[in-house]
Amino acid sequence: MRIRRALPGDISAMLQLKSELRFQGGEQHSARGGFLLGSSAEGYQQKVRDGIAWVLEKDTLEGFAIVLPDAAFKASALWQRRHQVDGEVAIDHFEALTLGYFDQLAVRPGASRRYSAALALTAMMELMEGGADAMITATVVEPVVNVAAVPFVQRMGGQCVGRLAETDPHVGDLVSEIWVVTQAGYAAWVEHAPGMGARWIQRLACAALAA
């Protein structure tokens, strides 16, 4: 397995993997991850061009991670809905910060969880080491409770700051929890990463960034 930067030529394989990870009808709770919403090839071209995009591959593409840096995030539809977040944290506080949004993490079933975590950390590390004040992400809680990313976010000191309710024409009503990982939370994990597994993940992410 290796982690490398995503290229435009990876987009068809990324779309195929995402389609394989769609939540099944009637599925109400998932710790494996998955997707409710689709995306076009043009949308992925923009994400690869303007975002922080990495892939995990062996003989074929096994996973990908996409983070939107500050400019791309603040041009997104999600940022435009920031004042609709229902929570106790003042959203205005974030407007002056340099942010990033962890948009997508997709890993083929059967791939090592350590490689999945290293892939996620690689994208996050590029954002945070690039000077972001905080990383934002969202986890769906309705109509499916998707907890796959929650342990990783919590290990980085992530805090849930509210919920965003919206209606998608293809899925219907959606509710997501909005999480924030601060630069301080990320830096504390990097400095004190506990256990051999965490240090292995950190070394793999650093090697990918240095390549």
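Got a sec? Which of V190, V147 is modelled with pLDDT under 95, of a type in the set (V, I, T) and within 20 Å of P69 (Cβ to Cβ)?
Only one candidate qualifies: V190.
Every residue, every condition in (1) in contact with a strand residue (DSSP E or B) (Cβ under 7 Å, 6 or more places away or on another chain); (2) over 25 Å from V55 (Cα atoms); (3) hydrophobic (A, V, I, L, M, F, W, C), yes or no:
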position: V140; (1), (2), (3): yes, no, yes
position: R155; (1), (2), (3): no, no, no
position: G158; (1), (2), (3): yes, no, no
position: A165; (1), (2), (3): yes, yes, yes
position: E177; (1), (2), (3): yes, yes, no
position: A184; (1), (2), (3): no, yes, yes
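Taking the stated definitions as given, is A106 closer than 23 Å to Y186 by Cα, assigned to a helix (DSSP H, G or I) and touching a residue at least 40 places away in the same chain (Cβ under 8 Å)?
Details: closer than 23 Å to Y186 by Cα: yes; assigned to a helix (DSSP H, G or I): no; touching a residue at least 40 places away in the same chain (Cβ under 8 Å): yes.
Criteria not met by A106.
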inquiry  = Quick check on segment 112-121. Is at least one of its residues free of Cβ contacts under 8 Å to residues at least 12 places away in the same chain and either crowded, with 18+ Cβ neighbours inside 10 Å or under 16 Å from the mean Cα position of the chain (by Cα) (or both)?
reply    = yes
request  = Hey, can you tell me all the residues within segment 148-162 that are of a type in the set (A, V, I, L, M, F, W, C) and either within 14 Å of A188 (Cα to Cα) or not in a strand (DSSP E or B) (or both)?
outcome  = A148, A149, V150, F152, V153, M156
query = So which residues in segment 166-183 are part of a strand (DSSP E or B), at negative phi and of a type outside the set (S, T, N, Q)?
reply = E166, D168, D173, L174, V175, E177, I178, W179, V180, V181
query = Considering only residues of segment 109-137 that are outside any strand (DSSP E or B) and of a type in the set (S, T, Y), which is nearest to L21 (Cα to Cα)?
reply = S116
Per-region count, segment 184-205, residues in a helix (DSSP H, G or I) and either hydroxyl-bearing (S, T, Y) or surrounded by fewer than 16 Cβ atoms within 10 Å (Cβ to Cβ) (or both) = 12
task = Only residues that are under 23 Å from T122 (Cα atoms), among the hydrophobic types (A, V, I, L, M, F, W, C) and at pLDDT below 85: list them for segment 23-61, please.
result = A31, F35
Candidates E88, E20, filtered to the one that is more than 18 Å from the chain's Cα centre (by Cα), surrounded by fewer than 18 Cβ atoms within 10 Å (Cβ to Cβ) and either at pLDDT 95 or above or over 20 Å from A123 (Cβ atoms) (or both) = E88
inquiry  = Exactly one of these conditions fails for F94: (1) in contact (Cβ under 8 Å) with a residue 24 or more places away in the chain; (2) out of contact with any Lys or Arg (no Cβ under 9 Å at 6 or more places or on another chain); (3) part of a helix (DSSP H, G or I). Give me its number.
reply    = (2)
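The values are calculated or read from the model by the stated rules, or taken from the named source; none is laboratory data. Fair warning: this is a prediction, and the values are worked out from it, not measured in the lab. When we count neighbours, we look across all protein chains shown, and the Cβ atoms used for this are built from the backbone with ideal geometry, even at glycine.
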